[in-house]
1. Got a number for residues in segment 22-32 being free of Cβ contacts under 8 Å to residues at least 60 places away in the same chain and in contact with a helix residue (DSSP H, G or I) (Cβ under 9 Å, 6 or more places away or on another chain)?
2. If you scan segment 70-106, which residues turn out to be over 25 Å from S14 (Cβ atoms) and among the small types (G, A, S)?
3. Out of S14, S2, report the one residue that is among the hydroxyl-bearing types (S, T, Y), more than 23 Å from A96 (Cβ to Cβ) and exposed (fewer than 15 other Cβ atoms within 10 Å of the Cβ).
4. What number goes with the only condition from (1) of a type outside the set (F, W, Y); (2) within 13 Å of A43 (Cβ to Cβ); (3) free of Cβ contacts under 8 Å to residues at least 40 places away in the same chain; (4) assigned to a loop (DSSP other than H, G, I, E, B) that P78 does not pass?
5. Considering only segment 40-50, I want to know if a residue exists there that is of a type outside the set (S, T, Y), out of contact with any Cys (no Cβ under 8 Å at 6 or more places or on another chain), touching a residue at least 60 places away in the same chain (Cβ under 8 Å) and within 25 Å of V106 (Cα to Cα).
6. Read through the list (1) in contact with an Asp or Glu (Cβ under 7 Å, 6 or more places away or on another chain); (2) within 19 Å of V104 (Cα to Cα); (3) surrounded by fewer than 17 Cβ atoms within 10 Å (Cβ to Cβ), then give the number of the only condition that V61 fails.
7. Look through segment 45-57, keep the residues that are polar (S, T, N, Q) and over 12 Å from the mean Cα position of the chain (by Cα), and return whichever of them is surrounded by the fewest Cβ atoms within 10 Å (Cβ to Cβ).
8. What's the total number of residues in segment 83-106 that are touching a helix residue (DSSP H, G or I) at 6+ places or on another chain (Cβ under 8 Å), among the aliphatic types (A, V, I, L, M) and assigned to a loop (DSSP other than H, G, I, E, B)?
Amino acid sequence: MSTTVTCVYTINASGQMTPTQLAAAMSAVTVPIPPEFLLLTGATITSDNTVAGATSAARTVVFNIASAQFQAQFPDDPLGPFWGLLTLPIAAFVNAPVLEALPVAV
């Protein structure tokens, strides 16, 4: 049984924004995780960090999925609810393509 899922979203700095500006734009403050998602799934946020690299910015969100509600709703596919969760909201807010890594359950 997995207890956490990690989601990583990356934007390459190829336009007019620097990696630092991209990191600020895609952070949790500007693009929050929908509270409805947390309520409907029973997942909670363990950590939500955005960092700027040399040529890109990445946002990593770790969810706790140990709740009885989450385990009852998604017994066989803990990754399903997380596919694309923040890809479109980040892309819309930053106006740049977002690369979503495969969510990882541990």
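1. From segment 22-32, those free of Cβ contacts under 8 Å to residues at least 60 places away in the same chain are 23-24, 27-29, 32; that's our starting set.
Restricting the remaining residues to those that are in contact with a helix residue (DSSP H, G or I) (Cβ under 9 Å, 6 or more places away or on another chain) gives 32.
The number of residues fulfilling the criteria is 1.
2. A72, G80, A105
3. Details: S14 fails: more than 23 Å from A96 (Cβ to Cβ).
The unique qualifying residue is S2.
4. In the conditions (1) of a type outside the set (F, W, Y); (2) within 13 Å of A43 (Cβ to Cβ); (3) free of Cβ contacts under 8 Å to residues at least 40 places away in the same chain; (4) assigned to a loop (DSSP other than H, G, I, E, B), P78 misses (3) alone.
5. Of all residues in segment 40-50, those of a type outside the set (S, T, Y) come to 40, 42-43, 45, 48-49.
Still in the list and also out of contact with any Cys (no Cβ under 8 Å at 6 or more places or on another chain): 40, 42-43, 45, 48-49.
Checking the rest, the ones that are also touching a residue at least 60 places away in the same chain (Cβ under 8 Å) come to none.
The answer is no, given that none of the residues of segment 40-50 is of a type outside the set (S, T, Y), out of contact with any Cys (no Cβ under 8 Å at 6 or more places or on another chain), touching a residue at least 60 places away in the same chain (Cβ under 8 Å) and within 25 Å of V106 (Cα to Cα).
6. (3)
7. Initial filter on segment 45-57 (polar (S, T, N, Q)): 46-47, 49-50, 55-56.
Next, from what is left, pick out any that are over 12 Å from the mean Cα position of the chain (by Cα): 55-56.
On the way: T55: 10, S56: 16.
Ranking the candidates gives T55 first.
8. Taking segment 83-106 as the starting set, the residues that turn out to be touching a helix residue (DSSP H, G or I) at 6+ places or on another chain (Cβ under 8 Å) are 85, 93-94, 96-98, 100, 103.
Restricting the remaining residues to those that are among the aliphatic types (A, V, I, L, M) gives 85, 94, 96, 98.
Within this subset, residues satisfying the condition of being assigned to a loop (DSSP other than H, G, I, E, B) are 85, 96, 98.
Adding up the residues that qualify gives 3.
Every number here is computed from the coordinates shown, using simple stated rules; none is lab data. Remember, predicted model here, so these are calculated numbers, not experimental data. Cβ atoms come from the backbone with ideal geometry, glycine included; neighbour counts cover every protein chain shown.
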